[in-house]
Structure formats: C-alpha cells, structure tokens
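Here's the structure, in structure tokens; my notes come after.
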Ligand SMILES: NC(=O)c1ccc[n+]([C@@H]2O[C@H](COP(=O)([O-])OP(=O)(O)OC[C@H]3O[C@@H](n4cnc5c(N)ncnc54)[C@H](OP(=O)(O)O)[C@@H]3O)[C@@H](O)[C@H]2O)c1
C-alpha cells in the first residue's frame, strides 16, 4: 500500500503525479505509466484542461478505482456557488468519474465571499461529488477563516513548498486545524537539480538532488506532487522511501530557504503570514 498521510479522516498518498502542462496523449501516457510504477495519487485541476486525458490514463492503467487518489480543483473565476458546482460536475464528466477523492478551491478570489465558496465546497461533499474537500494557496488567515466557515472537515491545503521557501507558519496553522499540506512545485520547477547542498547530501545516499528534496518534504509528512513529462523521471521521483535524512541534513536543507524563494507569483492576497 502507498505511503500516506492521514488528515481529518482522509488518507492521502505522500507522492503523487503533478499534471500541470501535461496534455492529451502524452498526459494520458504519463498517468498510465505512473500508476503502473506504483503511484497512487494524481493531481489535476479544471484549469489544466487535461481532466479527460487524466481519466483516460487512469482507465488504461486498470488500477482499481478505490486504490487511486484523484485530486481536482475549481478555478478562482468559478467560486460563486452555481459556477462551483458546474465546474465540479464538468471535471467529473471529463474524468468520467462519479466523484473525486479530493476537491480543492484552486486559488482564493477576494472579490467573491469566502462563505459562499466554502458553502459550495461543503455541498459537493454532501452531494457525493468529492470524498474529501480542501483548499489551495490559502494563507494562515484564510485557513483560519475557511475552517470556521466549513461545516465539513477540510483535509488539505495545497501550497508552493520546497527548500527555497519557508512555509513554516502556514504549515503549523494547517496542522493545528487538522489539515495536511501538499507541496506544489516541490522540486522548485527543476531548479533543485544542480543545487550543491542537495547534490552533496544525495551523493552520501546514492540519490539525486531531486530525490533528496522530495525526501526532505515527505519526511515531514508533506505530500509531494512532482510533475514530469519524461517517463524515466517517474521512477526517480517516486523512489524516496528507501533512505532517511539525518537531523543535520534536514537542518542544512531548511537553511536553503530565502525571502525571495517563491516561484509562483500570485495576484491575490500577498500576505502569507
Ligand atoms: N495549486 C496550485 O496553485 C498549483 C500551482 C502549481 C503547481 N501545482 C501542481 O503541482 C504540480 C508540480 O508543480 P510544478 O509542475 O509547478 O513543478 P515541479 O513539479 O516542482 O517541477 C516540474 C519541472 O521539474 C522537472 N523535473 C521533474 N522531475 C525532475 C527531476 N527528477 N530532476 C530534475 N528536474 C525534474 C520537469 O521537467 P521534465 O518534464 O523535463 O521532467 C518540470 O520542468 C503541478 O504539475 C500541478 O499539478 C499546483
């Protein structure tokens, strides 16, 4: 069984495949190959325009549906209640699934009342469209607000997270409220590859810099969803459970964080604390 993290009743496999920018046949092929290699978690979103291809890869792999954790997200322009339900149903129709395992608000939208969106999110769970629900790109303040507004448990906050960015405050808030954290851009969009510290640590374990980076996150029970378009990298990004980083190595990696470490720019609320 895939290594997983538990949060508010959900069990989320620690390594998933990110699919942003993967499209059509090649997306379906990557999803199928990932599942064949042992991945049990796939991350998509309405905004990625690849739900149909993800569904195709899922069916081609033939892994029993209840063994795979599928996450999708509703884009920030669809956060009015009626749009939210339409987007969710549209994603499910394209995936050809009756429900997803996790449905997230992709980005908050300050011009739409959070109460309305959280209400719509909770309703998708009650209607059986999502087994679990959560948020993405939510700051400390937004997580606190969302938890107060929700009448169903929120299980996850998907945020940018890698060694170059200190997300300690929002991670602590999520944990206090029972939410797990998923790291997006977990290998900093490939920037970790030539990193001297990660490469040095990797050498000691017979691992690559990317594997050390992913291990650093999963060792903290942070879910990772690295994306690759290269089949040979699927195995590399999944092979992070057969070694352990020492406290000194974890500390050296944490020291790579810096104030300008964020990669994904966000035009919404800029205050992450
Ligand atoms: N919730 C949100 O707002 C949000 C935002 C961004 C991303 N996400 C999700 O998170 C996923 C991952 O984030 P991401 O796509 O931004 O970035 P990422 O996974 O950190 O990095 C992907 C990049 O790294 C390269 N790469 C993959 N494996 C590698 C390895 N072992 N060594 C060196 N380079 C490697 C890939 O190139 P190749 O294809 O050439 O291998 C690709 O260019 C997305 O696909 C998406 O599902 C969510």
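Treat the range 168-273 as a sphere of radius equal to its Kirkwood radius over Cα pairs and apply Stokes-Einstein at 37 °C in a medium of 0.692 mPa s; give the translational diffusion coefficient in µm²/s, rounded to a whole number.
After rounding, the answer is 221 µm²/s.
The mean sequence separation of alpha-carbon pairs under 8 Å and at least six residues apart, normalised by the residue count of the chain, gives a relative contact order of 19 percent. Estimated at 0.36 nm per residue, the fully extended path between residue 263 and residue 141 surpasses their Cα-Cα distance by 41.8 nm. Sorted ascending by nearby beta carbons within 10 Å, beginning with the fewest, 227, 29 become 29, 227. Spin-label pair residue 246-residue 115: with each label point 7 Å from Cα along the Cα-Cβ axis, the two points sit 5.5 nm from one another.
As a proxy for reagent exposure, 136, 111 were ordered by neighbouring Cβ count within 10 angstrom, fewest first; the result is 111, 136. Largest first, the extents of the alpha carbon coordinates of the chain on the three principal axes equal 53, 43, 31 Å. The label point for residue 25 and the one for residue 6, both projected 7 Å from the Cα toward the Cβ, are 4.5 nm apart.
Under the rule of -39500 (n - 2.57) per DSSP H run of 4 or more residues, summed and divided by the residues of the chain, what mean residue ellipticity at 222 nm is obtained, to the nearest 500 deg cm²/dmol? Helices in the chain give a 222 nm mean residue ellipticity of -12000 deg cm²/dmol. Dividing the mean sequence gap of close Cα pairs (under 8 Å, 6+ apart) by how many residues the range 142-273 holds gives a relative contact order of 29 percent. Simple spin-label estimate for residue 193 and residue 77 gives 3.2 nm between the two label positions (7 Å along the Cα-to-Cβ direction from each Cα).
All of the numbers you see were taken from the coordinates with simple rules; none came from a lab. What you see is a predicted model; the values in this text were computed from it and never measured. We place every Cβ from the backbone using ideal geometry, glycine too, and count neighbours over all the protein chains shown.
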